[in-house]
1. Mind listing whichever residues of the stretch 44-63 are open to solvent by 10 Å² or more (accessible area, probe 1.4 Å), part of a loop (DSSP other than H, G, I, E, B) and over 17 Å from A295 (Cα atoms)?
2. Take D319 and tell me if it is closer than 27 Å to T215 by Cα and over 15 Å from the mean Cα position of the chain (by Cα).
3. State all residues of the stretch 64-76 that are assigned to a helix (DSSP H, G or I) and either in contact with a Phe, Trp or Tyr (Cβ under 8 Å, 6 or more places away or on another chain) or among the basic types (K, R) (or both); if no residue qualifies, say none.
4. Residues V278, V302, V291, V256: which one is over 24 Å from P208 (Cα atoms) and within 17 Å of the chain's Cα centre (by Cα)?
5. Identify the residue in the stretch 93-117 that is part of a strand (DSSP E or B) and not charged (D, E, K, R) and, among all such residues, is nearest to the chain's Cα centre (by Cα).
6. Specify the residue that is most open to solvent (accessible area, probe 1.4 Å); the eligible residues are those in the stretch 277-328 that are of a type in the set (D, E, K, R) and within 27 Å of G55 (Cβ to Cβ).
7. Please tell me if G98 is on the phi > 0 side of the Ramachandran plot, out of contact with any helix residue (DSSP H, G or I) (no Cβ under 6 Å at 6 or more places or on another chain) and open to solvent by 60 Å² or more (accessible area, probe 1.4 Å).
8. Determine if the stretch 298-308 includes at least one residue that is under 30 Å from A18 (Cβ atoms) and in contact with a Leu (Cβ under 7 Å, 6 or more places away or on another chain).
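The values are calculated or read from the model by the stated rules, or taken from the named source; none is laboratory data. Please read all numbers here as calculations on a predicted model, not as lab measurements. FYI the Cβ positions are ideal-geometry reconstructions off the backbone, even for glycines, and counts take in every protein chain you see. Protein only, heavy atoms only, side chains kept; ligands, DNA and RNA dropped before computing areas. Shrake-Rupley method; radii C 1.70, N 1.55, O 1.52, S 1.80 Å.
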Amino acid sequence: MNRLGRSGVEVSPLGFGAAAIANLYSEVTEEQAHEAVAAAWQRGIRYFDTAPHYGLGLSERRLGAALREHPRTAYTISTKVGRRLEPAQDGGDDLADGFAVPATHRRVWDFSADGIRRTLESSLERLGLDRVDVVYLHDPDDHAEQAFREGYPALEQLRSEGVVGAIGAGMNQAEMLTRFVRDTDVDVVLCAGRYTLLDQGALVELLPAAEERGTSVVIGGAFNSGLLADPKPGATYNYTAAPAELLDRALRLKSVAVRHGTTLRAAALAFCAAHPAVACVLVGARSAHEVRDCAHQFTAPVPTAFWQELRATGLLPADAPVPADQPS
């Protein structure tokens, strides 16, 4: 288990991202969702991340139900604030936001202190818990002023009251997360998609700043929404069709992996975990099979020669830490 910053909260090196079990893009049955969480537990995963945004609360309900059979002190759970859910009666579905669920609610951006407390209370009710361990400000990209002026101080207050153990921000960009690391006292930031074998944007400022400040980083989107899991025509990158040049790069990475007797999935996960500021790599899975595969790939050895070839051919920057750099 790795500690998040200076908090007392610990996470497993591999975490379970619970967006997929909330019918991300297509339906996942209750049984499949429960089996996915159970498989994560069986493979030693003890950190679970969710959010109200995922399936309009479905992720929180399913995750809470699946974890109910385990002692509360045996796992770490995080959720997010910034999108309040309000009842809606327009009908239809939520596929425009990526989830195959009825549009029973609508999302309202709200990074106010009151909004954050109300959102967290609703999350606890859906989870069936009296506390969560970590709370992230969720995607404050277009709401920076309110997030820093009202949202962050509200989280700091919740932490000082002991309501939550660790606080942070979760985004699909590195620039504003760097500001959180430098200008606030967050324990952790969740960076999705900006530190992968295809995108090392977080290496420029975020990861060095986090290492310097003692702030932990959780990496999400290690497969860039699919391209690094299975590079082929039609694969997705950042939730849209992968550009031709990135598909070509991913296929080159895969060919190097095959040549060295490993898999691109194993290399993608190992790369994310190798940076000293990274406490956990989150993987999203919609089935027990996907969880077991991710857990297997996460522990699979990746030959030193693989990393050497990536650097030699320019497929990976020389300053990006890799497992081979670490003393055995």
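1. Step one: of the stretch 44-63, the residues open to solvent by 10 Å² or more (accessible area, probe 1.4 Å) are 44, 46, 53-54, 58, 61-62.
Adding the requirement that they be part of a loop (DSSP other than H, G, I, E, B) leaves 44, 46, 53-54.
Across the stretch 44-63, the qualifying residues are H53, Y54.
2. Answer is yes for this residue.
3. Narrowing the stretch 64-76 to residues assigned to a helix (DSSP H, G or I): 64-67, 72-74.
L67, R72, listed by residue number.
4. Working: V278 fails: over 24 Å from P208 (Cα atoms); V302 fails: within 17 Å of the chain's Cα centre (by Cα); V256 fails: within 17 Å of the chain's Cα centre (by Cα).
V291 is the lone residue from the list that is over 24 Å from P208 (Cα atoms) and within 17 Å of the chain's Cα centre (by Cα).
5. My answer is F99.
6. Ranking the qualifying residues of the stretch 277-328, first place goes to R292.
7. no
8. Restricting attention to the stretch 298-308, the residues satisfying the condition of being under 30 Å from A18 (Cβ atoms) are 298-302.
Those left that are additionally in contact with a Leu (Cβ under 7 Å, 6 or more places away or on another chain): 298.
There is at least one residue in the stretch 298-308 that is under 30 Å from A18 (Cβ atoms) and in contact with a Leu (Cβ under 7 Å, 6 or more places away or on another chain).
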